[in-house]
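Novice: Below you'll find the structure I mean.
The values are calculated or read from the model by the stated rules, or taken from the named source; none is laboratory data. Computed from a predicted model, the values in this text were never measured in an experiment. All Cβ positions, even for glycine, are placed from backbone atoms using ideal geometry, and neighbour counts span all protein chains on display. When the accessible area is computed, the model is the full protein with side chains, heavy atoms only, and any ligands, DNA or RNA have been set aside. Shrake-Rupley method; radii C 1.70, N 1.55, O 1.52, S 1.80 Å.
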Amino acid sequence: MVRYLTGFQPTGALHIGNYFGALRPAIELQEKGEAFYFIADYHALTTIRDPAVLRELVRGVAIDSLACGLDPSKACFFRQSDVPAVTELAWILSNVTPMGLLERSHSYKDKLSHGIPSSHALFAYPVLMAADILLYDSDVVPVGKDQKQHLEITRDIAIKFNELYGKVFKLPEPNIREDVATILGLDGQKMSKSYGNTIELFLPENALRKKVMSIVTDSTPVQAPKDPAKSAIFSLYRLFATPDMLASMERDFLLGGVGYGAFKKKLFAVIWDSFAPMRQRRAELEADPGHVDRILADGALRARTTAQQTMAKVRRAVGVTP
Ligand code: TYM
(Lines give C-alpha, C1' and ligand atoms only; values in the text may rest on other atoms or scores of the structure.)
Protein backbone atom coordinates (compact mmCIF):
# COMPACT_ATOMS: atom_id res chain seq x y z
CA MET A 1 0.00 0.00 0.00
CA VAL A 2 1.34 3.45 -0.91
CA ARG A 3 2.04 5.67 2.07
CA TYR A 4 1.33 9.40 1.70
CA LEU A 5 2.69 12.00 4.08
CA THR A 6 2.54 15.74 4.27
CA GLY A 7 2.78 18.54 6.83
CA PHE A 8 1.49 22.07 7.39
CA GLN A 9 3.29 24.68 9.44
CA PRO A 10 1.02 26.38 11.96
CA THR A 11 2.41 29.83 11.21
CA GLY A 12 -1.05 31.18 10.45
CA ALA A 13 -4.51 30.04 9.44
CA LEU A 14 -4.50 27.89 6.29
CA HIS A 15 -4.72 29.90 3.08
CA ILE A 16 -5.81 29.26 -0.48
CA GLY A 17 -2.23 28.34 -1.49
CA ASN A 18 -2.04 25.65 1.22
CA TYR A 19 -5.45 24.35 0.27
CA PHE A 20 -5.01 23.94 -3.47
CA GLY A 21 -1.28 23.17 -3.41
CA ALA A 22 -1.32 20.50 -0.72
CA LEU A 23 -4.39 20.05 1.47
CA ARG A 24 -6.89 19.22 -1.25
CA PRO A 25 -4.50 16.79 -2.99
CA ALA A 26 -3.77 15.19 0.40
CA ILE A 27 -7.49 14.82 1.11
CA GLU A 28 -7.97 13.11 -2.26
CA LEU A 29 -5.06 10.77 -1.57
CA GLN A 30 -6.35 9.70 1.86
CA GLU A 31 -8.81 7.52 -0.09
CA LYS A 32 -6.06 5.83 -2.07
CA GLY A 33 -3.51 4.58 0.42
CA GLU A 34 -2.21 4.99 3.90
CA ALA A 35 -1.96 8.65 4.89
CA PHE A 36 0.08 10.44 7.56
CA TYR A 37 -0.71 14.15 7.80
CA PHE A 38 0.63 16.38 10.53
CA ILE A 39 0.91 19.88 11.93
CA ALA A 40 4.57 20.90 11.88
CA ASP A 41 4.78 22.76 15.18
CA TYR A 42 8.51 22.09 15.69
CA HIS A 43 9.10 23.76 12.33
CA ALA A 44 6.92 26.71 13.33
CA LEU A 45 9.23 27.40 16.28
CA THR A 46 11.57 28.97 13.71
CA THR A 47 9.14 31.89 13.48
CA ILE A 48 6.53 31.77 16.27
CA ARG A 49 7.98 32.75 19.63
CA ASP A 50 4.84 33.04 21.75
CA PRO A 51 3.69 29.72 23.27
CA ALA A 52 0.04 30.76 23.62
CA VAL A 53 -0.03 31.91 20.00
CA LEU A 54 1.58 28.67 18.82
CA ARG A 55 -0.97 26.55 20.70
CA GLU A 56 -3.83 28.56 19.20
CA LEU A 57 -2.39 28.28 15.70
CA VAL A 58 -1.97 24.50 16.01
CA ARG A 59 -5.60 24.18 17.05
CA GLY A 60 -6.66 26.47 14.19
CA VAL A 61 -4.78 24.47 11.55
CA ALA A 62 -6.22 21.23 12.97
CA ILE A 63 -9.76 22.60 12.73
CA ASP A 64 -9.19 24.11 9.27
CA SER A 65 -7.85 20.80 7.93
CA LEU A 66 -10.67 18.73 9.39
CA ALA A 67 -13.26 21.22 8.15
CA CYS A 68 -11.84 20.91 4.62
CA GLY A 69 -12.32 17.15 4.67
CA LEU A 70 -9.22 15.61 6.20
CA ASP A 71 -10.77 12.44 7.60
CA PRO A 72 -9.11 11.05 10.73
CA SER A 73 -10.73 7.67 10.17
CA LYS A 74 -8.73 7.43 6.92
CA ALA A 75 -5.61 9.49 7.62
CA CYS A 76 -3.44 9.44 10.71
CA PHE A 77 -3.61 13.12 11.70
CA PHE A 78 -1.21 14.28 14.39
CA ARG A 79 0.90 17.04 15.85
CA GLN A 80 4.59 16.73 14.93
CA SER A 81 5.75 17.38 18.51
CA ASP A 82 3.65 14.47 19.81
CA VAL A 83 6.33 12.24 18.28
CA PRO A 84 9.57 13.74 19.65
CA ALA A 85 11.58 10.89 18.07
CA VAL A 86 11.55 13.02 14.93
CA THR A 87 14.10 15.36 16.53
CA GLU A 88 16.32 12.40 17.38
CA LEU A 89 16.17 11.26 13.77
CA ALA A 90 16.91 14.81 12.61
CA TRP A 91 20.09 14.80 14.74
CA ILE A 92 21.18 11.45 13.35
CA LEU A 93 20.50 12.60 9.78
CA SER A 94 22.41 15.86 10.41
CA ASN A 95 25.56 13.78 10.52
CA VAL A 96 25.16 12.65 6.92
CA THR A 97 24.01 16.06 5.67
CA PRO A 98 26.75 18.08 3.98
CA MET A 99 26.73 21.79 4.84
CA GLY A 100 26.74 22.60 1.12
CA LEU A 101 23.38 20.88 0.66
CA LEU A 102 21.77 23.22 3.20
CA GLU A 103 23.69 26.29 2.02
CA ARG A 104 22.06 25.88 -1.39
CA SER A 105 18.53 25.98 0.09
CA HIS A 106 16.37 28.59 -1.70
CA SER A 107 13.83 28.58 1.10
CA TYR A 108 16.47 29.49 3.72
CA LYS A 109 17.75 32.42 1.66
CA ASP A 110 14.21 33.51 0.87
CA LYS A 111 13.19 33.46 4.53
CA LEU A 112 16.24 35.53 5.53
CA SER A 113 15.43 38.06 2.84
CA HIS A 114 11.91 38.37 4.28
CA GLY A 115 13.23 39.21 7.72
CA ILE A 116 12.87 35.85 9.49
CA PRO A 117 15.71 35.81 12.04
CA SER A 118 18.57 33.54 11.11
CA SER A 119 19.07 30.63 13.52
CA HIS A 120 20.57 27.17 13.50
CA ALA A 121 17.03 25.75 13.35
CA LEU A 122 16.13 27.81 10.29
CA PHE A 123 19.29 26.56 8.57
CA ALA A 124 18.66 22.95 9.64
CA TYR A 125 14.94 23.14 8.75
CA PRO A 126 15.27 20.77 5.74
CA VAL A 127 16.92 18.11 7.92
CA LEU A 128 13.93 18.08 10.28
CA MET A 129 11.69 17.89 7.24
CA ALA A 130 13.71 14.92 5.93
CA ALA A 131 13.25 13.30 9.35
CA ASP A 132 9.46 13.84 9.12
CA ILE A 133 9.33 12.10 5.79
CA LEU A 134 11.76 9.26 6.50
CA LEU A 135 10.48 8.49 10.01
CA TYR A 136 7.16 7.35 8.58
CA ASP A 137 8.60 5.43 5.61
CA SER A 138 6.72 7.66 3.19
CA ASP A 139 6.41 6.84 -0.51
CA VAL A 140 4.72 9.99 -1.81
CA VAL A 141 4.67 13.54 -0.44
CA PRO A 142 1.94 15.84 -1.82
CA VAL A 143 3.26 19.43 -1.65
CA GLY A 144 3.34 22.73 -3.51
CA LYS A 145 6.25 23.60 -5.78
CA ASP A 146 8.01 25.64 -3.09
CA GLN A 147 8.79 22.36 -1.28
CA LYS A 148 10.39 20.67 -4.30
CA GLN A 149 13.96 21.37 -3.22
CA HIS A 150 13.22 20.12 0.30
CA LEU A 151 12.16 16.81 -1.20
CA GLU A 152 15.38 16.66 -3.22
CA ILE A 153 17.38 17.31 -0.05
CA THR A 154 15.42 14.54 1.71
CA ARG A 155 16.29 12.09 -1.04
CA ASP A 156 19.96 13.12 -0.97
CA ILE A 157 20.08 12.59 2.79
CA ALA A 158 18.36 9.19 2.52
CA ILE A 159 20.76 8.07 -0.23
CA LYS A 160 23.77 9.15 1.83
CA PHE A 161 22.45 7.35 4.93
CA ASN A 162 21.70 4.15 3.01
CA GLU A 163 25.18 4.18 1.41
CA LEU A 164 26.81 4.42 4.79
CA TYR A 165 24.63 2.15 6.89
CA GLY A 166 22.80 -0.17 4.50
CA LYS A 167 19.36 0.28 3.07
CA VAL A 168 17.17 1.63 5.87
CA PHE A 169 15.13 4.31 4.06
CA LYS A 170 12.88 4.31 1.03
CA LEU A 171 13.37 7.20 -1.40
CA PRO A 172 10.21 9.35 -1.28
CA GLU A 173 8.73 11.05 -4.33
CA PRO A 174 7.10 14.48 -4.33
CA ASN A 175 3.59 14.76 -5.75
CA ILE A 176 3.33 18.26 -7.18
CA ARG A 177 0.25 19.07 -9.27
CA GLU A 178 1.38 21.27 -12.11
CA ASP A 179 -1.90 23.25 -12.38
CA VAL A 180 -1.83 24.28 -8.71
CA ALA A 181 1.91 24.08 -7.98
CA THR A 182 2.16 27.81 -7.19
CA ILE A 183 -0.98 29.70 -6.22
CA LEU A 184 -0.60 33.47 -6.53
CA GLY A 185 -1.30 35.89 -3.70
CA LEU A 186 -2.79 39.40 -3.50
CA ASP A 187 0.30 40.98 -5.07
CA GLY A 188 0.74 38.42 -7.86
CA GLN A 189 3.73 36.72 -6.18
CA LYS A 190 3.47 33.21 -4.70
CA MET A 191 0.88 33.26 -1.92
CA SER A 192 2.86 32.98 1.29
CA LYS A 193 2.52 33.95 4.93
CA SER A 194 5.98 35.51 4.85
CA TYR A 195 5.02 37.77 1.92
CA GLY A 196 1.87 39.04 3.70
CA ASN A 197 -0.24 38.36 0.60
CA THR A 198 -2.44 35.48 1.73
CA ILE A 199 -6.18 34.87 1.54
CA GLU A 200 -7.10 32.64 4.47
CA LEU A 201 -9.79 30.01 3.93
CA PHE A 202 -12.06 30.96 6.80
CA LEU A 203 -12.05 34.74 7.01
CA PRO A 204 -15.28 36.44 8.09
CA GLU A 205 -17.25 37.75 5.12
CA ASN A 206 -16.16 41.37 5.32
CA ALA A 207 -12.52 40.57 5.91
CA LEU A 208 -12.54 38.24 2.90
CA ARG A 209 -14.19 40.90 0.75
CA LYS A 210 -11.62 43.45 1.84
CA LYS A 211 -8.73 41.13 1.01
CA VAL A 212 -10.08 40.25 -2.41
CA MET A 213 -10.75 43.93 -3.20
CA SER A 214 -7.11 44.67 -2.28
CA ILE A 215 -5.64 42.43 -5.01
CA VAL A 216 -3.05 44.48 -6.86
CA THR A 217 -3.97 45.39 -10.45
CA ASP A 218 -2.40 47.51 -13.18
CA SER A 219 -3.84 50.81 -14.37
CA THR A 220 -5.61 49.59 -17.52
CA PRO A 221 -8.78 51.72 -17.90
CA VAL A 222 -12.21 50.06 -17.57
CA GLN A 223 -12.93 50.28 -21.30
CA ALA A 224 -9.64 48.75 -22.45
CA PRO A 225 -9.03 45.01 -23.02
CA LYS A 226 -7.05 43.30 -20.25
CA ASP A 227 -4.70 40.35 -20.20
CA PRO A 228 -6.12 37.47 -18.10
CA ALA A 229 -2.72 35.74 -18.12
CA LYS A 230 -1.22 38.64 -16.16
CA SER A 231 -4.00 38.92 -13.61
CA ALA A 232 -3.92 37.43 -10.09
CA ILE A 233 -7.73 37.85 -10.06
CA PHE A 234 -8.13 35.60 -13.08
CA SER A 235 -5.62 33.07 -11.86
CA LEU A 236 -7.49 32.75 -8.51
CA TYR A 237 -10.90 32.69 -10.20
CA ARG A 238 -9.70 29.69 -12.26
CA LEU A 239 -9.46 27.67 -9.02
CA PHE A 240 -13.11 28.09 -8.11
CA ALA A 241 -15.14 28.87 -11.23
CA THR A 242 -16.96 26.42 -13.47
CA PRO A 243 -15.64 26.28 -17.08
CA ASP A 244 -18.56 28.47 -18.21
CA MET A 245 -17.94 31.10 -15.56
CA LEU A 246 -14.24 31.11 -16.42
CA ALA A 247 -14.90 31.46 -20.15
CA SER A 248 -17.25 34.37 -19.47
CA MET A 249 -14.69 36.21 -17.34
CA GLU A 250 -12.01 35.58 -19.94
CA ARG A 251 -14.23 37.11 -22.60
CA ASP A 252 -14.82 40.18 -20.45
CA PHE A 253 -11.08 40.56 -19.90
CA LEU A 254 -10.30 40.35 -23.61
CA LEU A 255 -13.16 42.56 -24.82
CA GLY A 256 -12.73 45.37 -22.29
CA GLY A 257 -15.57 47.37 -20.78
CA VAL A 258 -15.43 45.65 -17.39
CA GLY A 259 -13.23 47.01 -14.60
CA TYR A 260 -11.07 45.06 -12.19
CA GLY A 261 -13.43 45.95 -9.33
CA ALA A 262 -16.24 43.98 -10.99
CA PHE A 263 -13.96 40.97 -11.52
CA LYS A 264 -12.93 41.11 -7.87
CA LYS A 265 -16.57 41.06 -6.77
CA LYS A 266 -17.12 37.88 -8.79
CA LEU A 267 -14.01 36.34 -7.30
CA PHE A 268 -15.13 37.18 -3.77
CA ALA A 269 -18.57 35.63 -4.37
CA VAL A 270 -17.20 32.38 -5.73
CA ILE A 271 -14.67 31.96 -2.91
CA TRP A 272 -17.29 32.71 -0.26
CA ASP A 273 -19.76 30.23 -1.76
CA SER A 274 -17.20 27.48 -2.34
CA PHE A 275 -16.21 27.35 1.30
CA ALA A 276 -19.76 27.48 2.69
CA PRO A 277 -20.02 23.76 3.55
CA MET A 278 -16.55 23.77 5.10
CA ARG A 279 -17.44 26.86 7.14
CA GLN A 280 -20.38 25.00 8.56
CA ARG A 281 -18.22 22.01 9.54
CA ARG A 282 -15.63 24.38 10.98
CA ALA A 283 -18.20 25.97 13.27
CA GLU A 284 -19.22 22.53 14.54
CA LEU A 285 -15.60 21.55 15.22
CA GLU A 286 -14.94 24.80 17.02
CA ALA A 287 -17.84 24.13 19.32
CA ASP A 288 -16.34 20.78 20.37
CA PRO A 289 -12.67 21.25 21.32
CA GLY A 290 -12.57 17.86 23.10
CA HIS A 291 -13.31 16.12 19.81
CA VAL A 292 -10.34 17.75 18.08
CA ASP A 293 -8.06 16.89 21.03
CA ARG A 294 -9.13 13.25 20.85
CA ILE A 295 -8.44 13.10 17.11
CA LEU A 296 -4.91 14.43 17.61
CA ALA A 297 -4.26 12.16 20.60
CA ASP A 298 -5.38 9.13 18.63
CA GLY A 299 -3.22 10.20 15.65
CA ALA A 300 -0.22 10.65 17.93
CA LEU A 301 -0.58 7.12 19.23
CA ARG A 302 -0.67 5.65 15.73
CA ALA A 303 2.18 7.83 14.49
CA ARG A 304 4.36 6.87 17.48
CA THR A 305 3.96 3.17 16.76
CA THR A 306 5.29 3.60 13.22
CA ALA A 307 8.02 5.96 14.40
CA GLN A 308 9.23 3.46 17.00
CA GLN A 309 9.68 0.77 14.35
CA THR A 310 11.78 3.07 12.15
CA MET A 311 13.84 4.34 15.08
CA ALA A 312 14.67 0.79 16.18
CA LYS A 313 16.16 0.15 12.72
CA VAL A 314 17.95 3.51 12.61
CA ARG A 315 19.48 3.17 16.10
CA ARG A 316 20.69 -0.32 15.33
CA ALA A 317 22.13 0.81 12.00
CA VAL A 318 24.17 3.70 13.44
CA GLY A 319 25.18 1.92 16.65
CA VAL A 320 23.45 3.90 19.36
CA THR A 321 21.89 0.78 20.85
CA PRO A 322 24.02 -1.64 22.90
P1 TYM B 1 3.86 25.28 4.54
O2 TYM B 1 3.25 25.20 5.87
O3 TYM B 1 4.54 26.52 4.13
O4 TYM B 1 2.78 24.97 3.45
C5 TYM B 1 1.97 23.80 3.53
C6 TYM B 1 1.76 23.25 2.13
O7 TYM B 1 1.13 24.24 1.31
C8 TYM B 1 1.87 24.39 0.11
N9 TYM B 1 1.78 25.79 -0.34
C10 TYM B 1 1.49 26.16 -1.58
N11 TYM B 1 1.17 25.46 -2.69
C12 TYM B 1 0.90 26.17 -3.81
N13 TYM B 1 0.92 27.52 -3.88
C14 TYM B 1 1.21 28.27 -2.79
N15 TYM B 1 1.22 29.60 -2.86
C16 TYM B 1 1.53 27.60 -1.57
N17 TYM B 1 1.87 28.01 -0.33
C18 TYM B 1 2.02 26.89 0.41
C19 TYM B 1 3.30 24.05 0.48
O20 TYM B 1 4.05 23.71 -0.66
C21 TYM B 1 3.08 22.90 1.43
O22 TYM B 1 2.92 21.69 0.71
N23 TYM B 1 8.07 22.74 5.16
C24 TYM B 1 6.65 22.58 4.96
C25 TYM B 1 5.95 21.85 6.09
C26 TYM B 1 6.53 20.50 6.33
C27 TYM B 1 6.38 19.36 5.47
C28 TYM B 1 7.10 18.32 6.12
C29 TYM B 1 5.74 19.15 4.26
C30 TYM B 1 7.28 20.14 7.40
N31 TYM B 1 7.64 18.82 7.28
C32 TYM B 1 7.18 17.04 5.55
C33 TYM B 1 5.80 17.86 3.69
C34 TYM B 1 6.53 16.85 4.33
C35 TYM B 1 6.05 23.99 4.88
O36 TYM B 1 6.61 24.94 5.37
O37 TYM B 1 4.84 24.05 4.32
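Novice: For region 47-72, which residues satisfy the criterion of being β-branched (V, I, T), out of contact with any Phe, Trp or Tyr (no Cβ under 9 Å at 6 or more places or on another chain) and open to solvent by less than 60 Å² (accessible area, probe 1.4 Å)?
Specialist: Those that are β-branched (V, I, T), out of contact with any Phe, Trp or Tyr (no Cβ under 9 Å at 6 or more places or on another chain) and open to solvent by less than 60 Å² (accessible area, probe 1.4 Å): T47, I48, V58.
Novice: In region 120-136, how many residues are in contact with a Leu (Cβ under 9 Å, 6 or more places away or on another chain), over 16 Å from K160 (Cα atoms) and more than 10 Å from the ligand (Cβ to nearest atom)?
Specialist: Residues meeting the conditions: 4.
Novice: Kindly indicate the residue of region 169-193 that is farther than 24 Å from V61 by Cβ and touching a residue at least 12 places away in the same chain (Cβ under 8 Å) and also surrounded by the most Cβ atoms within 10 Å (Cβ to Cβ) among those meeting that condition.
Specialist: Among those residues, the one meeting the criterion is F169.
Table: residues versus (1) more than 27 Å from V318 (Cβ to Cβ); (2) at pLDDT 95 or above.
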position: H114; (1), (2): yes, no
position: P117; (1), (2): yes, no
position: A121; (1), (2): no, yes
position: M129; (1), (2): no, yes
position: D132; (1), (2): no, yes
position: P142; (1), (2): yes, yes
position: K148; (1), (2): yes, yes
position: I157; (1), (2): no, yes
position: L171; (1), (2): no, yes
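Novice: Looking only at residues that are in contact (Cβ under 8 Å) with a residue 40 or more places away in the chain and open to solvent by 40 Å² or more (accessible area, probe 1.4 Å) in region 283-296, which one is nearest to the chain's Cα centre (by Cα)?
Specialist: Filtering region 283-296 down to residues in contact (Cβ under 8 Å) with a residue 40 or more places away in the chain leaves 285-286, 289, 292, 295-296.
Subset that is open to solvent by 40 Å² or more (accessible area, probe 1.4 Å): 286, 289.
Working: E286: 21, P289: 23 Å.
Residue satisfying both the conditions and the ranking: E286.
Novice: Considering only region 20-60, how many residues are farther than 20 Å from D132 by Cα and of a type in the set (S, T, Y)?
Specialist: Residues in region 20-60 being farther than 20 Å from D132 by Cα and of a type in the set (S, T, Y): 0 in total.
Novice: Looking only at region 251-277, which residues are assigned to a helix (DSSP H, G or I) and of a type in the set (G, A, S)?
Specialist: Correct list: G261, A262, A269, S274, A276.
Novice: Further question: Can you pull out the helices (runs of 4 or more DSSP H) entirely within region 3-114 that have at least 3 residues that are over 24 Å from V168 (Cα atoms) and within 16 Å of the ligand (Cβ to nearest atom)?
Specialist: Once the helices (runs of 4 or more DSSP H) in region 3-114 are filtered for at least 3 residues that are over 24 Å from V168 (Cα atoms) and within 16 Å of the ligand (Cβ to nearest atom), what remains is 24-29, 41-44, 51-68, 106-113.
Novice: Another question, then. What tally of residues in region 194-235 results from selecting those that are assigned by TED's automatic domain parsing to the domain that holds F268, surrounded by fewer than 18 Cβ atoms within 10 Å (Cβ to Cβ), within 16 Å of the ligand (Cβ to nearest atom) and in a loop (DSSP other than H, G, I, E, B)?
Specialist: 1
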